[in-house]
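Worksheet for the structure shown next.
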Amino acid sequence: QSGGGISFNGDTAAANALSDYEEGTFTAVLGGATNHSTYNVSGTSHYTKIGNVCHCHIIFSNLNLDDNASGSVKITGLPFTEGGVEYCTTTNHYMMQVGFNTGYIQSWYVVNGGTYIQGIESINASSWAGWGASNFTNSGMYLRIGLTYKTA
């Protein structure tokens with residue numbers, strides 16, 4: 001132990017000590033970026049934070065987002081503010097009853113300095129586009145996302 005944290009291999013430098021570990025739960029809220037506060041559904045999620053790295057598992061089960069949700073899909077409620085690095089992204093998701101264009105690659109990115117993620121689609125030989133919230137309005141929708149990002 002060094003400086004209030006755990007050190008490894010005989011290292012005594014306080015800067016190298018593991019001194020921040022936390023686990024917990026949070027409520028993730030999925031909706032459209034345009035009218036997120038009006039049309040949304042809540043999921044259950046958990047996180048593990050080690051130092052300034054947070055790993056989240058976001059869970060939505062058997063839900064139906066209102067057909068009026070609009071704009072790019074957005075999930076709010078991340079437990080920590082993103083640390084200002086270039087957008088952290090993940091394609092680590094699986095889903096049921098969620099629409100998507102099979103010619104695109106769907107992913108999520110943590111908004112720089114924010115506590116939410118947005119859905120995005122990579123289009124072959126073109127620019128990125130928002131993944132529309134209307135793809136998440138089928139009844140019986142399931143969504144699981146594994147996400148790791150740097151915190152502030």
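Looking across segment 73-99 at every residue that is more than 10 Å from the chain's Cα centre (by Cα) and charged (D, E, K, R), the one that is least open to solvent (accessible area, probe 1.4 Å) is identified as GLU82. The condition of being open to solvent by 70 Å² or more (accessible area, probe 1.4 Å) and within 27 Å of ALA133 (Cβ to Cβ) holds for only one of ASN9, ASN68, that being ASN68. Given the criteria in contact with a strand residue (DSSP E or B) (Cβ under 7 Å, 6 or more places away or on another chain), without any contact (Cβ under 8 Å) to a residue 60 or more places away in the chain, in a strand (DSSP E or B) and not aromatic (Phe, Trp, Tyr), does SER122 qualify? Here the answer is yes, as SER122 does meet what is asked. Evaluating VAL85 against the criteria (1) within 30 Å of GLU22 (Cβ to Cβ); (2) free of Cβ contacts under 8 Å to residues at least 40 places away in the same chain; (3) part of a loop (DSSP other than H, G, I, E, B); (4) of a type outside the set (Gly, Ala, Ser) leaves one unmet condition, (2).
If you take the residues in segment 27-48 that are over 10 Å from VAL73 (Cα atoms) and small (Gly, Ala, Ser), which one is most open to solvent (accessible area, probe 1.4 Å)? Across segment 27-48, the extreme among qualifying residues is SER37.
Can you tell me which residue is farthest from the chain's Cα centre (by Cα) among those in segment 21-39 that are over 16 Å from ILE145 (Cβ atoms) and part of a strand (DSSP E or B)?
Kept after step one, since they are over 16 Å from ILE145 (Cβ atoms), are these residues of segment 21-39: 21-24, 32-39.
Keeping just the survivors that are part of a strand (DSSP E or B) gives 21-24, 32.
On the way: TYR21: 19, GLU22: 18, GLU23: 16, GLY24: 15, GLY32: 15 Å.
If we take residues in segment 21-39 being over 16 Å from ILE145 (Cβ atoms) and part of a strand (DSSP E or B), then TYR21 is farthest from the chain's Cα centre (by Cα).
Scan segment 127-145 and tell me whether some residue there is among the polar types (S, T, N, Q), in contact with a strand residue (DSSP E or B) (Cβ under 6 Å, 6 or more places away or on another chain) and open to solvent by 40 Å² or more (accessible area, probe 1.4 Å). No: zero hits. Taking GLY5 as the residue in question, decide whether it is touching a Leu at 6+ places or on another chain (Cβ under 6 Å), more than 12 Å from ILE75 (Cα to Cα) and without any contact (Cβ under 8 Å) to a residue 60 or more places away in the chain. Taking the combined requirement at face value, the residue satisfies it.
Being surrounded by fewer than 14 Cβ atoms within 10 Å (Cβ to Cβ) and hydroxyl-bearing (Ser, Thr, Tyr) is a condition met by no residue of segment 115-123.
Every listed requirement among (1) within 17 Å of the chain's Cα centre (by Cα); (2) more than 14 Å from GLY31 (Cβ to Cβ); (3) modelled with pLDDT of 95 or more is met by GLY119 save one, (2).
The values are calculated or read from the model by the stated rules, or taken from the named source; none is laboratory data. Just so we're clear, the structure is a prediction, and the values are computed from it rather than from any experiment. All Cβ positions, glycine included, derive from the backbone under ideal geometry; neighbour counts span all protein chains shown. Each accessible area value is taken on the protein alone, full model and side chains, heavy atoms only, with ligands, DNA and RNA left out. Shrake-Rupley method; radii C 1.70, N 1.55, O 1.52, S 1.80 Å.
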